[in-house]
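The values are calculated or read from the model by the stated rules, or taken from the named source; none is laboratory data. Please read all numbers here as calculations on a predicted model, not as lab measurements. All Cβ positions, even for glycine, are placed from backbone atoms using ideal geometry, and neighbour counts span all protein chains on display.
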Amino acid sequence: MTNPLRPFAIEEAMIRGAVEVESTGRGLVSHRLPQWARRQIPDVFMVQTSAEGAGVRLALRTVADVVELDVQGRRIAADASAPMPPSVYELTEGGAVVASAAVPIGSRYVFSFERPTGEIAPGPDGTARFTGLAQGRECDLELWLPYYDAVELLALRADAPVAPVPGAGALRWVHHGSSISHGYRADTTTGTWPVVAALRAGAELTNLAFSGNAMLDPFTARTIRDTPADLISLKIGINLVNGDVMRLRAFRPAVDGFLDTIREGHPDTPIVLVSPIWCAPVESSAGPTVQDPERDEEWSVAGGTEADVKAGKLSLRVVRAELESVVDRRRADGDHRLQYLDGLSLYGAGDAASMPLPDNLHPGPDVQRLIGERFARVLAVFTTG
């Protein structure tokens with residue numbers, strides 16, 4: 001006989017991967033930037049992408065066979081009414097996906113780069129329902145929110161008590177990066193490369209990657225400075241190039257300033273500075289990356305030239321050389337806990353020949369998993385060392 005479902009409080013201690021949790025009166029919203037930093041966000045695109053639940057999950061200990069979570073999700077959409085696929089919520093146990101649930105789209109954040117309004121079109125609440133879980137044994141589950149939705153947690157029900165999973169002393173890994181690290185084009189949250197790496201290595205991930213906005217923003221550095229961490233990784237460069245927002249003269253001190261700020265709160269924490277993965281259009285040419293006017297589908301090409309690079313603009317080759325140089329200099333000055341990782345070791349030209357980027361800029365699901373599997377080896381050094 002099936003036990004009836006009962007409501008259980010969504011405790012703040014259940015929420016992992018957020019830097020701040022807000023009570024809305026209806027439920028709880030997890031944030032990947034604190035309130036003071038959110039007030040400094042400079043554009044409406046980042047308002048939504050920083051609110052999305054990349055890497056955020058509920059850590060639940062239970063013997064329940066059935067768990068339900070009521071949510072209000074909000075996703076970027078080009079208009080208020082076009083059909084969109086459902087949001088996917090996933091349950092993992094011991095690093096493996098054991099269940100998933102599809103929830104119809106809720107609210108929409110109406111935005112496109114051609115019409116950057118950021119208006120919210122309200123939509124219905126939804127329920128993620130998982131069945132056939134514990135089957136009489138106590139288990140520790142992680143319920144992963146969709147990386148592409150901003151999610152308000154409304155209610156939790158189960159057919160047995162549900163409690164937070166106590167902290168187990170896992171490596172606390174804080175990562176910052178661009179849409180590639182946020183997970184854009186991955187199938188699901190557990191297919192985004194930081195989550196792939198964290199699940200393989202048994203690390204406790206806080207993903208502070210913001211699509212289009214790995215811009216060396218001071219408020220991001222201060223957020224990382226104030227976030228507990230045993231390991232910090234910073235994947236820097238592609239947004240600066242594809243947005244064409246910075247020249248070489250500004251880039252060098254901006255990287256130093258970003259690191260200096262983080263070191264104020266983490267004087268001895270290992271930091272891995274990761275350069276960009278392979279992206280053919282801007283390897284040797286300057287940004288910005290722009291849509292190829294000859295194609296109807298998404299396909300990025302360089303808007304700048306190699307001559308622009310000689311005049312001081314950034315290409316990925318320049319970025320990689322500069323980041324390695326910054327690390328070498330700072331290590332020589334005594335920061336031996338700072339390391340450089342060449343992004344081409346995660347995805348390089350050889351990989352691109354066999355596993356091309358579907359839009360010439362962002363990894364598809366196959367490459368997201370490849371990067372995660374390779375970065376898991378980096379994490380293993382810190383989890384076993």
Residue within region 288-310 that is of a type outside the set (Lys, Arg), closer than 19 Å to Lys235 by Cα and out of contact with any strand residue (DSSP E or B) (no Cβ under 6 Å at 6 or more places or on another chain) present: yes
Subset of region 111-138 that is at pLDDT 95 or above and of a type in the set (A, V, I, L, M, F, W, C) - its residue that is farthest from Ala82 (Cα to Cα): Phe130
Residue in region 83-103 that is out of contact with any Asp or Glu (no Cβ under 8 Å at 6 or more places or on another chain) and under 28 Å from Arg222 (Cβ atoms) present: no
Filtered residues of region 323-338 (kept if out of contact with any Pro (no Cβ under 7 Å at 6 or more places or on another chain) and either surrounded by fewer than 18 Cβ atoms within 10 Å (Cβ to Cβ) or hydroxyl-bearing (Ser, Thr, Tyr) (or both)): Glu324, Ser325, Asp328, Arg329, Arg331, Ala332, Asp333, Gly334, Asp335, His336
Residues of region 209-233 satisfying the condition of being crowded, with 21+ Cβ neighbours inside 10 Å and in contact with a Lys or Arg (Cβ under 6 Å, 6 or more places away or on another chain): Ala229
Identity of the residue in region 1-28, exposed (fewer than 15 other Cβ atoms within 10 Å of the Cβ) and hydrophobic (A, V, I, L, M, F, W, C), that ends up nearest to Ala158 (Cα to Cα): Ala9
